[in-house]
Amino acid sequence: MLANTVLHEPVSQLRGVGAALSEKLGKLGIVRVADLLFHLPLRYQDRTRIYSIASLRPEQEALVEGEIEATEVINRGRTMLLCHIHDGTGLLTLRFFHFSTAQKYSLAKGVRIRCFGEVRQAGFKLEMAHPEYQLLNTNDTPPLENTLTPTYPSTEGLQQRTLRRLITLALEHADELPELLPPSALRQHQFPALRECLQLLHNPQGGKLDNGRLGGISTRLIFEELLAHQLGVQQARLAIQQVQAPAMLEENHFWQALRHALPFAPTAAQTRVISEITHDLQQPIPMNRLVQGDVGSGKTLVAVAAALHAIANGFQVALMAPTELLAEQHYQNLQRWLEPLGVETVFISGGQTARQRRRKVENLLLGIGHIAVGTHALFQNSVEFLQLGLIIIDEQHRFGVHQRFALREKGKQGEHYPHQLVMTATPIPRTLAMTAYGDMDYSVIDELPPGRTPITTVALSNERRDEVIERIAAASREGRQVYWVCTLIEESEVLQCEAAEKTAELLRERLPHIQVGLVHGRLHGSEKERIMREFKQGELQLLVATTVIEVGVDVPNASLMVIENAERMGLAQLHQLRGRVGRGKVASSCVLLYQAPLGKTARKRLDAMRTTTDGFVIADIDLELRGSGEVLGTRQTGDVRLKIASLVRDQHWLPAVQTAARDIVANYPERLEALTERWLQRVGEDTATRFFQS
Ligand code: ADP
Ligand code: MG
């Protein structure tokens, strides 16, 4: 539809866009000229007026003009430059952590300066850190902007100025954009024309529009994006239903046998989800189901029941875990449960030698091995199945969509695709899941096995570390085990490991009667497993760990968890970590150590952790605090990337969006591809794969 227009051409066709710039734009999903138009501002800066210093409030972004009263270099641990200005109404300090000598001399007493930045409260005074500024010539004052200045999402080395320039160029061609919303939706919601919306959003005229009014105009675009997303998800679902899978109609006699052998009865929720899965497996189209169950809800057993159904029907199963540790844990559980049934579990590990592996791989190819457990090592070309009928992916958020599809492809046999079951502990509110993962069916294990005592959570400041160490001693005297999780916000694994090593050393010193183990990401796989095994078997009382233990590890005797730097962690991750305790009959507790003073959001997060252990409540609070993008873990998976819409904030639009989607499919099918193409971010291939390849 966009063919033969400038908008359809690659951005490199624009003046001044070379290879380096193209690449940076590509990182933002801007590939063609049209993409620039849909790269919408995050917010606006008001440089249309000058604020008096007396009227400034903390956290406000403002343009200020004044005269320099003094400039000084001070040293408070690090050198910085302070420049004090006044405008007749008050004083403001400009603070620079990086500065040149020339800069220092140019900021001389008596010089007039105009600066733009965020106002901060520093003690009793107001200041701006690293404002943008220009020095003013007394008899020649530059004019003010007459429109609000958009601020765009950007990437390293790409300046706002460049983005603004390119978008202005693209706007000259906005007329060529076709209207893709169905006329009925345009009429009913009284949406303005697309071109008008884009012009206003990129270039709010007159400085009269405030952010609120602009919010109203962006509604049309939000609607369109939700529509594109909805259509994309629907297409993916249709595509899956068009291919065939083996209908597994035989009785699951293995499961009947296992259920009677288990020391506990499945919960009602487990039973319900198992029957939903069984129903899917009996269909001649591939199952594509997401099972969500809070930590400890017993997802493994559900996976096993599903696996046994496939095996009872003569098919093989692949069970994928995100880490070696979890794969090994699954392998041990499965072996314990399945060996008596005569079901053969095969463990495929990245750490195995070619010789060790050959036998296992052969067994799978011969059909002697029924269920293969492993990490992405299961992907390797040497691993082949005789009759793969079901793929189970545990703790889905660590796996990319792309990997999910690759695995499905791999399992394709003749015309048949394997069924797919995805399990996640990340609590996703139902409405959100139906939209975000609308291509999958969705089940929830909304009940924990009986007999669990709730976890008590406290937040303690770092000054009370001694008390915490005393609690560890007490717990181990009672024969209980303890986790101590070291976290660092720096993504550097090296630093994180070093911190964990130091902590382990310190705790060994302070707790000489206790066996302390240490696991972190830089340990060898086998070393990590050895230590985990020792902890599981109770030979170690205290396990110091980095966040490698975040998902899935199951040690029911562990009843105390200490999490360092809790104030810097996201709610979802805290909840996952905490889920490692409270798995046995004894009362468990979780200590969140933080560095005072707490910021507002951090306080809310810790409060949420103290007041509830319900994953869904936590997910809702998390959504409120962060907005939906992050909750779905998009950074890892690239699953749902919306540019301007928020599935939570904008969910009241969903019914109308669904109506419009039906309208498009029935009456304007030629717009379908144009819509998804317009709104789909081309960041990485994952997203495209999700919508088009399946
Ligand atoms: P998750 O959902 O976090 O993966 P797991 O599958 O690891 O949870 O199960 C947690 C623990 O609960 C395991 O020790 C498991 O054997 C046990 N379990 C699972 N289902 C039940 C049940 N219905 N009754 C009692 N214990 C159960
Ligand atoms: Mg699990």
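The values are calculated or read from the model by the stated rules, or taken from the named source; none is laboratory data. As the structure is a computational prediction, the values presented were derived from the model and not from experiment. All Cβ positions, glycine included, derive from the backbone under ideal geometry; neighbour counts span all protein chains shown. SASA here: full protein model, heavy atoms, side chains in, ligands and nucleic acids out. Shrake-Rupley method; radii C 1.70, N 1.55, O 1.52, S 1.80 Å.
Within the range 242-266, residues that are more than 13 Å from Leu338 (Cα to Cα) sit with their Cβ atoms under 7 Å from residues that are part of a loop (DSSP other than H, G, I, E, B) and within 16 Å of ligand 1 (Cβ to nearest atom), at 6+ positions apart or across chains, in these pairs: Phe264/Pro449. Cys197 meets the conditions (1) more than 16 Å from ligand 2 (Cβ to nearest atom); (2) at pLDDT 90 or above; (3) part of a helix (DSSP H, G or I) in every case but one. The failed one is (2).
Any idea which residue in the range 547-565 is farthest from ligand 2 (Cβ to nearest atom), counting only those that are open to solvent by less than 40 Å² (accessible area, probe 1.4 Å) and modelled with pLDDT under 90?
The residue in question is Asn565.
Applying the selection to the range 90-130, what residues are in a loop (DSSP other than H, G, I, E, B) and surrounded by 13 or more Cβ atoms within 10 Å (Cβ to Cβ)? Result: Gly90, Phe99, Leu107, Val111, His130.
Scanning the range 652-681 for residues that are among the aromatic types (Phe, Trp, Tyr) and within 16 Å of Leu221 (Cβ to Cβ) yields Trp653, Trp679.
Listed here are the residues, each with its yes/no results for (1) at pLDDT 70 or above; (2) among the charged types (D, E, K, R); (3) crowded, with 17+ Cβ neighbours inside 10 Å; (4) farther than 22 Å from Arg289 by Cβ.
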| residue | (1), (2), (3), (4) |
| --- | --- |
| Ile391 | yes, no, yes, no |
| Glu395 | yes, yes, yes, no |
| Gly400 | no, no, yes, no |
| Glu415 | yes, yes, no, no |
| Ala425 | yes, no, yes, no |
| Ile428 | yes, no, yes, no |
| Met440 | yes, no, yes, no |
| Ile455 | yes, no, yes, yes |
| Asn462 | yes, no, no, yes |
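When the range 7-57 is limited to residues that are outside any helix (DSSP H, G or I) and of a type in the set (Asp, Glu), the one that is nearest to Arg220 (Cα to Cα) turns out to be Asp46.
Restricting to the range 605-620, name every residue that is assigned to a helix (DSSP H, G or I) and at pLDDT below 90. Gly615, Phe616, Val617, Ile618, Ala619, Asp620, listed by residue number.
Quickly run through the range 464-482 and pick out the residues that are open to solvent by 30 Å² or more (accessible area, probe 1.4 Å) and either in contact with a strand residue (DSSP E or B) (Cβ under 6 Å, 6 or more places away or on another chain) or under 23 Å from Gly615 (Cβ atoms) (or both). Within the range 464-482, Arg480 is the sole residue that qualifies.
With respect to the stated conditions, Thr601 fails to be in a loop (DSSP other than H, G, I, E, B), touching a helix residue (DSSP H, G or I) at 6+ places or on another chain (Cβ under 8 Å) and over 23 Å from Glu501 (Cβ atoms). Going through the range 267-297 one residue at a time, which ones are without any contact (Cβ under 8 Å) to a residue 40 or more places away in the chain and more than 29 Å from the chain's Cα centre (by Cα)? Across the range 267-297, the qualifying residues are Thr271, Ser275, Thr278, His279, Gln282, Gln283.
Annotation: of all residues in the range 584-598 being open to solvent by 10 Å² or more (accessible area, probe 1.4 Å) and among the hydroxyl-bearing types (Ser, Thr, Tyr), the one that is farthest from ligand 1 (Cβ to nearest atom) is Tyr594.
Screening Val17 against (1) open to solvent by 60 Å² or more (accessible area, probe 1.4 Å); (2) over 31 Å from the mean Cα position of the chain (by Cα) leaves a single unmet condition, (1).
When restricted to residues that are loosely packed, with under 14 Cβ neighbours inside 10 Å, at pLDDT below 65 and under 19 Å from Ala645 (Cα atoms), the range 200-216 contains 4. Annotation note: Cβ proximity below 6 Å between a residue of the range 374-396 that is touching a residue at least 12 places away in the same chain (Cβ under 8 Å) and a residue that is within 16 Å of ligand 2 (Cβ to nearest atom) and open to solvent by 40 Å² or more (accessible area, probe 1.4 Å) (sequence gap 6+ or interchain) occurs for Thr375/Glu324.
For the range 249-278, the tally of residues that are open to solvent by 50 Å² or more (accessible area, probe 1.4 Å) and within 11 Å of ligand 1 (Cβ to nearest atom) stands at 6. Screening the candidates Val581, Val544 for the property of being among the β-branched types (Val, Ile, Thr), open to solvent by less than 40 Å² (accessible area, probe 1.4 Å) and assigned to a strand (DSSP E or B) yields one hit, Val544.
In the set Leu135, Leu144, only one residue is without any contact (Cβ under 8 Å) to a residue 60 or more places away in the chain, touching a helix residue (DSSP H, G or I) at 6+ places or on another chain (Cβ under 9 Å) and open to solvent by 30 Å² or more (accessible area, probe 1.4 Å); that residue is Leu135. Taking the numbered list (1) within 20 Å of Gln380 (Cα to Cα); (2) of a type in the set (A, V, I, L, M, F, W, C); (3) within 13 Å of ligand 1 (Cβ to nearest atom) in turn, Leu334 passes all entries but (1). Note on the range 455-523: enclosed strands (runs of 3 or more DSSP E) holding 1 or more residues that are farther than 25 Å from Leu598 by Cβ are 481-485, 516-519. Annotation: Glu225 fulfils all but one of (1) assigned to a loop (DSSP other than H, G, I, E, B); (2) touching a residue at least 40 places away in the same chain (Cβ under 8 Å); the unmet one is (1).
Could you tell me whether the range 58-76 includes any residue that is in a helix (DSSP H, G or I), at pLDDT 90 or above and crowded, with 18+ Cβ neighbours inside 10 Å? There is no residue in the range 58-76 that is in a helix (DSSP H, G or I), at pLDDT 90 or above and crowded, with 18+ Cβ neighbours inside 10 Å.
In the range 657-675, the residues that are in contact (Cβ under 8 Å) with a residue 24 or more places away in the chain and more than 11 Å from Pro182 (Cα to Cα) reach residues that are of a type outside the set (A, V, I, L, M, F, W, C) and surrounded by fewer than 16 Cβ atoms within 10 Å (Cβ to Cβ) with C-beta atoms within less than 9 angstrom, at least six apart or across chains, in these pairs: Ala674/Pro178.
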